[in-house]
Amino acid sequence: MAAKKLRRAQLSQEMCERLSRYQITTCQDFLCLSLLELMKVTGQSYCEVQKLLCKVSRACAPKMQTAYEMKLRKSVNPSSAFLSTTLHSLDGVLHGGVPCGSLTEITSPPGCGKTQFCIMVSVLATLPVSMGGLDGAVIYIDTESAFSAERLIEIAASRFPTYFDSDEKLFCMTRSIHLYRELTCCSVLKRIMSLEEEIISKNVKLIVIDSVASVVRKEFDTKLQGNLAERSNFLTRGASVLKYLAEEFSIPVILTNQITTSLSSGPAIQADLVSPADDLSLSE
Amino acid sequence: MQREVGTLPLAPALRARLAAAGFQTAQELLDTGPCGLSKEIGISREEALEALQVVRQECHGDAARTAGGSGATRRCTALELLEEEQSQGFIITFCSALDNILGGGVQLTKITEICGAPGVGKTQLCMQLAVDVQIPECFGGVAGEAVFIDTEGSFMVDRVVDIAAACVQHCHLIAEAQQEEDHRKALETFSLENILSHIYYFRCRDYVELLAQVYLLPEFLSEHSKVRLVVIDGIAFPFRHDFEDLSLRTRLLNGLAQQLIIIANDYKSAVVLTNQMTTRIGQSQSTLVPALGESWGHAATVRLIFHWDNSQRLATLYKSPSQKESTIAYHITPHGFRDVQPPAAAHSTEGTEMNPRKRPRTEEEKQ
């Protein structure tokens, strides 16, 4: 929406040409200027500029919905609101399971089972809806190279022996889990940006990122000045794209995080990097 | 009438031509007339007429302001302001301790900012307020509608349904206890469906959409004149990334703050913003401070900071022009935002003193 060209915002041709001479071509450029600057650039009077602002704003602004319409839409399709984890007590606490349309963060000390959980949820997402799954593909972004395909098959075969009774079914399931190994922050971000098309073409119903913390901790040392800002920039950028994908396609997104020690009275440079409190900007 | 030509809101090219032709005051322009103007400057008669109309409107506006007239002027005496403030309603939060430290609740025509760490309850309070603003006047509310601008995607309809259901039930209990006619009539329209239909939800994905939406808000508010609350949940989130030029960010935020102040005043509604916390690394320690920098701190009139103390949630009134700084504890229950213990009967009498429009409530049966 921000990058929408002014041409498509229904401004007149000559106005667009005049603005492009000042390098103002998108709605974003237009809305970032103050009223006086806009008057100078468009050569129009105050009232005219305000009307132009409203026109451009109407091209970018989101649509209004009432809370009632949202509720009606949700109640039309209640079963697709959650992905059940098949752990009854966990599902009970989460009121149904991992929610679709929002980000869920899983965090723990090392060795507790985050990656195992992610692998299991990937299997569940490929199951048909009648068995509690989402009947779709899975995008698994692995930054620690911890994903094991053999373990995947082991989990599937022992958990659902009646469904995965033949090798054929197992391989079909593995074909629908798309694994991407990304080892730097930059490549993770690029991959997240490119997911929109993949989701549509491959009928993806679950995104797993395991784990965000490892790439961030490798690259951003908060002892250095300026790294804190860059790191928060990367995290919020990634978060907003993931939120958009989760909401747009109504799919669950699972992220894993690591645990760090937060020293309450010690200097910040020792308390570290991606404590769960920090990363909660990524989750709901 | 002695207003200089350079200060009139005309197109810059036109102003340049007028200055080149030697016009200095608005009176000279009006005396020349459209035909004379068009010949001297070399513009068409229609353009000259338009320019003169703008000049005339501006000068009349000026004259009205100097003569103390009404209309566009924002001048009034402190006594008039006092009467207005006393008759104005507050939006209650259902947590009487919080209402007390705020002086009755969230004030209309003011900007209230809620800062806090993730998970502490900012969005919960916003959803509670979006329901509470709709409480009918006979129950002590302002009977308004709510605009909810969401930048983080944390608005959960199911949660609003829970909160609204609890609120409706609470009002039913009051009506049963008091048995008054207007209570019964008000309850007919105060239903779950109505509450949800009067929360207008906008999902802004980045700062450009947020800016655009705020530019369009005055128009929206003129069409929906019953709106008494504008919530922007997550004003920090879209501004924390994609800004290499921090001065641009400051400028945009200041412009946003000015527009929100105008909206709050012109449409008599409360504006509630939520902000994130960021770490400020000092010489020897780090502290959590509200995000978006020092200059943003001036934007809000009232600032609340939500934080944890072990497992108790606390709210601190950090900045307010009329109330003193204090901290209270609050609770988030399945019914919404509530006090930590059920308030004693003393609280209900305090409530009537503070807000004369509120009928005295019997002791809260809830919670």
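At a probe radius of 1.4 angstrom, the accessible area of chain B per residue rounds to 46 square angstrom.
Within the listed set B:Glu85, B:Glu223, B:Glu244, the residue fluctuating most in the Gaussian network model of chain B (springs between alpha-carbon atoms under 10 angstrom) is B:Glu244. Simple point charges give the picture: +1 on the Cβ of Lys and Arg, -1 on the Cβ of Asp and Glu, and for the range B:5-61 a dipole about the Cα centre of about 100 debye. Cross-link pairs exceeding 21 Å in C-alpha to C-alpha distance, out of A:Lys202/A:Lys243; A:Lys63/A:Lys202; A:Lys74/A:Lys243; A:Lys55/B:Lys110, comprise A:Lys63/A:Lys202; A:Lys55/B:Lys110. Remark: C-alpha extents of chain B on the principal axes read 79, 60, 37 Å, sorted largest to smallest. Based on every Cα atom in chain A, Rg and the maximum pairwise Cα distance Dmax equal 23.3, 75 Å.
Translational diffusion of the range B:141-221, estimated by Stokes-Einstein from the Kirkwood radius over alpha carbon pairs at 10 °C in a medium of 1.306 mPa s, is 108 µm² per second. Between A and B, roughly 4100 Å² of accessible area is buried in total, ligands, DNA and RNA not counted and the probe set to 1.4 Å. Each Lys and Arg adds +1 at its Cβ and each Asp and Glu adds -1 at its Cβ; summed about the Cα centre, chain A shows a dipole of about 1100 debye. Our Cα-only numbers for the range A:6-60 put the radius of gyration and Dmax at 9.7, 24 Å. Angle of helix A:149-159 to the longest C-alpha principal axis of chain A, folded into 0 to 90 degrees and rounded to 10: 60°.
For chain A, a Gaussian network of Cα nodes joined below 10 Å ranks A:Gly133, A:Gly97, A:Gly111 by mean-square fluctuation, and the top entry is A:Gly111. Charged side chains reduced to their Cβ positions (Lys and Arg at +1, Asp and Glu at -1) give the protein assembly as shown a dipole of some 1080 debye around its Cα centre. Of the residues B:Asn310, B:Asn194, B:Asn100, the one that moves most in a GNM of chain B with alpha-carbon contacts below 10 Å is B:Asn310.
Any idea what angle helix A:114-126 forms with the longest principal axis of chain A, computed on alpha-carbon atoms, 0 to 90 degrees, nearest 10? That works out to roughly 80 degrees. The alpha carbons of the range B:5-61 give a radius of gyration and a Dmax of 9.9, 28 Å, in that order. Solvent-free Debye calculation, one equal scatterer per alpha-carbon of the protein assembly as shown: log10 I(q)/I(0) at 0.08, 0.11 Å⁻¹ equals -0.72, -1.21.
For the peptides B:42-51, B:109-118, residues were scored by their other Cβ atoms within 10 Å and the scores averaged per peptide; the highest-first order is B:109-118, B:42-51. Our note on the geometry: Cα centres of the range A:100-120 and the range A:217-259, 16 Å apart. Counting charges near B:Ile91 (Lys, Arg +1; Asp, Glu -1) among other residues having Cβ under 10 Å from its Cβ returns a value of -1.
Only Cα pairs under 8 Å and 6+ residues apart enter the sum, and on that basis the relative contact order of chain B stands at 21 percent. On full extension, the segment bounded by A:Leu72 and A:Gln50 gains 4.3 nm, given 0.36 nm per residue less the C-alpha separation. Helices in chain B that qualify as membrane-span-like (whole DSSP H runs, Cα extent of at least 27 Å along the helix axis, mean Kyte-Doolittle hydropathy of 0.0 or higher) are B:157-178, B:246-266.
Solvent-accessible surface of the range A:80-258, averaged per residue with a 1.4 angstrom probe and all protein chains in place: 45 square angstrom. Indicate, rounded to the nearest 5 percent, the antiparallel portion of the DSSP beta bridges found entirely in chain A. Looking only at bridges with both residues in chain A, the antiparallel portion is about 15 percent.
Just the protein heavy atoms count here, and of the accessible area of chain B at 1.4 Å, carbon and sulfur take up 50 percent. Remark: mean inter-chain Cβ contacts per residue of B:212-218 equal 6, using a 10 Å Cβ-Cβ cutoff to other protein chain atoms.
For B:Lys185, the aspartates and glutamates whose Cα comes closer than 20 Å to its Cα, not counting residues fewer than 8 places off in the same chain, are B:Asp132, B:Glu137, B:Glu145, B:Glu176, B:Glu193. Computed over chain B, the per-residue total of -39500 (n - 2.57) for DSSP H runs of n ≥ 4 gives a 222 nm mean residue ellipticity of -14000 deg cm²/dmol, rounded to 500.
Modelled label positions at B:Thr25 and A:Thr162, each set 7 Å beyond Cα in the direction of Cβ, lie 9.6 nm from each other.
The values are calculated or read from the model by the stated rules, or taken from the named source; none is laboratory data. Source: prediction; values computed, not measured. Note: ideal-geometry Cβ built from the backbone for every residue, glycine included; neighbour counts use all protein chains shown. Just the protein is used for accessible areas: all its heavy atoms, side chains included, with ligands, DNA and RNA removed. Shrake-Rupley method; radii C 1.70, N 1.55, O 1.52, S 1.80 Å.
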